[in-house]
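Below is a structure I'd like to ask you about.
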Amino acid sequence: MRYLDVNKKEKIMLAAIQLINEVGLAETSMAKIAQKAGVAAGTIYVYFENKEDMIKKLFLAVKEAMQQNMFRGIDCSLSIEVEFKQLLKNYIDFIVNHKDCFLFFEQYINSPLIDKLCGEELQIATKPLRDFFESGKERGIFRPIDLDLLVTYTFTPLMQMAKKHFNGEFGFTEQNIEEMIQMCWASIKA
């Protein structure tokens, strides 16, 4: 029996994210990932069934880390508006401090692979965020519209500005962050 090495798995995952960001999903092979991680190619299969399984697990791990960061410091006794603004500040903080994860996430959600992600796993991974928006809808604070629209109008503008930020075309200054969050809030509040 072979024992799993958490550090080795993490090295493989980081190498995969970096490689996918450098050359794209299609051009990333298991052999290239193994080489970048400094492990034998067969070692990857101890942790992942195949490339698709690895990419799916990478996405879920990044999504979970992102969501944990987003809900950091959220106090349910505060108003939904205050929670919303803190959630978005935390989201921007995650993007800025985890550029590789953000770029991988952005690339993945814009690829056909997102459709192959097991619906149940994605539902579990996004439950806290969905619950937050549903609670806001039920209390009449958010517009009574489809959940996907609420999420899209909240996060897509920030993702687009993050890409501009990483290209040197936009700065995440305190004023810009406040204005973006205000615009996101205005687009979904009832």
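Since every read-out is calculated from the coordinates, none of them should be taken as a lab result. Quantities reported herein were computed from a predicted structural model and do not represent experimental measurements. Here Cβ is always computed from backbone atoms with ideal geometry, including for glycine, and neighbour counts include all displayed protein chains.
Scattering from the C-alpha atoms of the chain alone, worked out with Debye: what is log10 I(q)/I(0) at q = 0.12, 0.17 1/Å?
For the chain at q = 0.12, 0.17 Å⁻¹, log10 I(q)/I(0) is -0.65, -1.14.
Pairs LYS127/LYS163; LYS56/LYS164; LYS57/LYS89; LYS8/LYS164; LYS11/LYS85; LYS36/LYS85: which exceed 31 Å Cα-Cα?
Details: LYS127/LYS163 26 Å; LYS56/LYS164 26 Å; LYS57/LYS89 26 Å; LYS8/LYS164 33 Å; LYS11/LYS85 34 Å; LYS36/LYS85 38 Å.
Beyond 31 Å between Cα atoms: LYS8/LYS164; LYS11/LYS85; LYS36/LYS85.
Right, another one. When we measure straight from the Cα of LYS9, which aspartates and glutamates land under 19 angstrom away, once same-chain ones fewer than 8 places off are left out?
Qualifying aspartates and glutamates at Cα under 19 Å: GLU49, GLU52, ASP53, GLU64, ASP100.
Identify all aspartates and glutamates with a Cα-Cα distance to LYS137 below 16 Å; exclude those on the same chain that are fewer than 8 residues away in sequence.
GLU81, GLU83, ASP146, ASP148
Between ILE124 and PHE166, what FRET efficiency follows from the Cβ-Cβ distance if R0 is 25 Å, with the result rounded to 0.05? Could the numbers behind the result be given before it?
Numbers: r = 30 Å, r/R0 = 1.18.
Between ILE124 and PHE166 the formula returns 0.25.
Just to check I understand the Karplus step: with θ = phi - 60° and J = 6.51 cos²θ - 1.76 cosθ + 1.60, what whole-Hz values come out for the range 48-62, glycine and proline as x?
The phi angles translate into 9, 5, 6, 4, 4, 4, 5, 5, 4, 5, 4, 4, 5, 5, 5 Hz.
Further question: Given 4 °C and 1.567 mPa s, compute D for the range 96-190 with the Stokes-Einstein relation, Rh being the Kirkwood radius over Cα pairs; round to the nearest whole µm²/s.
Reported coefficient: 87 µm²/s.
Just the Cα atoms of the range 1-48, one point each, no solvent: what log10 I(q)/I(0) does Debye give at q = 0.20, 0.22, 0.26 Å⁻¹?
Debye curve over Cα of the range 1-48, log10 I(q)/I(0) at q = 0.20, 0.22, 0.26 Å⁻¹: -0.58, -0.69, -0.91.
If I fit a long axis through the Cα atoms of helix 147-166 and take the longest principal axis of the Cα atoms of the chain, what angle between them do I get, 0 to 90°, rounded to 10?
On a 0 to 90 degree scale, this one is about 70.
Over the range 118-162, consider all pairs of different Cα atoms and compute the Kirkwood hydrodynamic radius from their mean reciprocal separation; express it in Å, one decimal.
Values: mean 1/r = 0.0875 Å⁻¹.
By the Kirkwood definition, the hydrodynamic radius is 11.4 Å.
Hey, another quick one. Can you show me the helix-derived [θ] at 222 nm for the chain, built from DSSP H runs with n ≥ 4 at -39,500 (n - 2.57) apiece and divided by the number of residues, rounded to the nearest 500. Don't jump to the answer; show the numbers that get you there.
Details: 9 runs with 137 residues, N = 190.
Using -39500 (n - 2.57) per qualifying helix, the result is -23500 deg cm²/dmol.
Which angle between 0 and 90 degrees, to the nearest 10, do you get for helix 6-23 versus the longest principal axis of the chain when only C-alpha atoms count?
Approximately 80 degrees, to the nearest 10.
What does the convex hull of the alpha-carbon atoms of the range 31-126 project to on average, in nm²?
Result: 7.6 nm².
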